[in-house]
Amino acid sequence: MIVNAWSSSPVPGPGAKEPASGSYGFRMSKKDRDQHFKKEWSSVIIKLPNDVEAEVDLSKRDAFWDDCPELWHLAIKAWLAKNGYAGWEEGCPPPFVLTPLGGNRFHLEGPA
């Protein structure tokens with residue numbers, strides 16, 4: 001599935017050396033969320049391209065199942081910043097591919 005980089009606060013433009021102060025993660029369509037995620041999961045694990053595994057807590061994130069299908073974690077923010085993806089033109093976040101590996105595990109590739 002295609003996911004887009006996401007930030008909870010305004011991001012700097014492309015090429016910025018530092019990320020914004022808010023949370024960073026990936027936003028997906030509600031259709032992809034409903035197809036690939038299960039409400040009974042308390043967390044999901046995203047294997048980033050640097051082999052770091054980010055365990056995203058969903059247990060207190062009712063908004064994920066409402067209008068905010070975002071997965072965010074400090075390791076995702078660090079990876080986006082280190083690889084130059086923490087800044088983008090307004091309305092044009094970089095896309096990535098998030099592949100289900102089975103159960104609550106996913107692998108990130110990208111950019112798409």
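Would you mind listing the strands (runs of 3 or more DSSP E) fully within the range 24-112 where at least 3 residues are touching an Asp or Glu at 6+ places or on another chain (Cβ under 9 Å) and farther than 15 Å from residue 7 by Cβ? So that I can check it myself, show each step before the final result.
On the way: elements: 24-27, 43-47, 53-57, 70-72, 95-102, 105-109.
Because the criterion is at least 3 residues that are touching an Asp or Glu at 6+ places or on another chain (Cβ under 9 Å) and farther than 15 Å from residue 7 by Cβ, the strands (runs of 3 or more DSSP E) in the range 24-112 that meet it are 43-47, 95-102.
Can you tell me which residue in the range 100-109 is least open to solvent (accessible area, probe 1.4 Å), limited to those that are touching a residue at least 40 places away in the same chain (Cβ under 8 Å) and over 12 Å from the mean Cα position of the chain (by Cα)?
Just the residues of the range 100-109 that are touching a residue at least 40 places away in the same chain (Cβ under 8 Å), to begin with: 100-101, 104-109.
With over 12 Å from the mean Cα position of the chain (by Cα) added as a condition, the list becomes 100-101, 104-105.
Working: 100: 60, 101: 103, 104: 42, 105: 85 Å².
Ranking the candidates gives 104 first.
Tell me which of these residue 72 doesn't satisfy, since it passes every other one: (1) open to solvent by 70 Å² or more (accessible area, probe 1.4 Å); (2) over 12 Å from the mean Cα position of the chain (by Cα).
Condition (2) is where residue 72 drops out.
How many residues does the range 38-53 hold that are without any contact (Cβ under 8 Å) to a residue 24 or more places away in the chain and touching a helix residue (DSSP H, G or I) at 6+ places or on another chain (Cβ under 9 Å)?
Step one: of the range 38-53, the residues without any contact (Cβ under 8 Å) to a residue 24 or more places away in the chain are 40, 42, 51, 53.
Adding the requirement that they be touching a helix residue (DSSP H, G or I) at 6+ places or on another chain (Cβ under 9 Å) leaves 53.
So the answer is 1.
Restricting attention to the range 6-22, does a residue exist that is of a type in the set (Asp, Glu), over 11 Å from the mean Cα position of the chain (by Cα), within 18 Å of residue 61 (Cα to Cα) and not in a strand (DSSP E or B)? Walk me through it before giving the result.
Keep residues of the range 6-22 that are of a type in the set (Asp, Glu), which gives 18.
Checking which are over 11 Å from the mean Cα position of the chain (by Cα) leaves us with 18.
Going one step further and asking which of them are within 18 Å of residue 61 (Cα to Cα), we end up with none.
No - not one qualifying residue is present in the range 6-22.
Residue 81 - would you say it is surrounded by fewer than 18 Cβ atoms within 10 Å (Cβ to Cβ) and in contact with a Pro (Cβ under 7 Å, 6 or more places away or on another chain)?
On the way: surrounded by fewer than 18 Cβ atoms within 10 Å (Cβ to Cβ): yes; in contact with a Pro (Cβ under 7 Å, 6 or more places away or on another chain): yes.
Yes: the conditions hold for residue 81.
The values are calculated or read from the model by the stated rules, or taken from the named source; none is laboratory data. Computed from a prediction, not measured in an experiment: that's the story for all the values here. Cβ coordinates were reconstructed from backbone atoms using ideal geometry, including for glycine residues, and neighbour counts include every protein chain displayed. Areas reflect the complete protein model, heavy atoms only, side chains present, ligands, DNA and RNA absent. Shrake-Rupley method; radii C 1.70, N 1.55, O 1.52, S 1.80 Å.
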